[in-house]
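The structure under discussion appears below in the form of structure tokens.
The values are calculated or read from the model by the stated rules, or taken from the named source; none is laboratory data. Predicted, not measured: the structure shown is a model, and the values here were computed from it. Using ideal geometry, Cβ is built from the backbone for each residue, glycine included, and neighbour counts are taken over all protein chains shown.
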């Protein structure tokens, strides 16, 4: 009766201790009549260069899959990592700014028709930031139950701005309600304040409110001092409602940024409109 076979495996993914990586199959058999089979299966060579190539291929494929694993299988939205002045048109009314006009190609909600196109002024040195897919609303369009981030821009010396959209049903059961029909400026910011600060909202943080009318659209404007906010210790916000969505523009800065950029951030806030 033949004896049991033994198997030795040297993997190409482990460090080599010899001149080449080998996968050896050794079959021991007491029966000398089977020696020809033993010779045929004795040794399979995988040379070192082939092993390195295989390791490299697996590493590249693994890194390519990493963003999908980290972000739950979904890519992050596109954004240009260059100064906006290199591709946005200059403002016809203020040469210190360029004009960002959102279009359906910019966000999932605009493509779905859930948000009306909006625009605002922005300094030409700012850059657009990427919005993670889980925050962009891409996964829930055309019917989202929670607010989402439309676009984000920032400058490390001046601050950041973002546009946040919320389903109207979150604030009122009346279809196509105007911002006035939703309630007072204080009521609206109480519902959306956490999306201004990034964590929580305290009514004591609200320093100032105002109402602005541009064409047929009414806007609520806010000045907040938010020492514990994730977005920054200073926040400006502007909200309006149109169709099935409430749109919120937020400009944020820390203390150092605020001391030199508050006029710029206020100009950006004032320019925002649907």
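Condition check ((1) touching a helix residue (DSSP H, G or I) at 6+ places or on another chain (Cβ under 7 Å); (2) buried (at least 21 other Cβ atoms within 10 Å of the Cβ)) across all residues:
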position: 102; (1), (2): yes, no
position: 124; (1), (2): yes, no
position: 132; (1), (2): no, no
position: 139; (1), (2): yes, no
position: 146; (1), (2): no, no
position: 157; (1), (2): yes, no
position: 164; (1), (2): yes, yes
Report task. Identify, from the list 248, 230, 269, 265, the residue that is touching a helix residue (DSSP H, G or I) at 6+ places or on another chain (Cβ under 9 Å), closer than 22 Å to residue 100 by Cα, in contact (Cβ under 8 Å) with a residue 24 or more places away in the chain and outside any strand (DSSP E or B). Result -> 265
**Report entry** Single unsatisfied condition, residue 150 versus (1) crowded, with 20+ Cβ neighbours inside 10 Å; (2) on the phi > 0 side of the Ramachandran plot; (3) at pLDDT 95 or above
**Finding:** (2)
Report task. Confirm whether residue 183 is over 22 Å from the mean Cα position of the chain (by Cα), on the phi > 0 side of the Ramachandran plot, surrounded by fewer than 21 Cβ atoms within 10 Å (Cβ to Cβ) and at pLDDT below 95. Result -> no
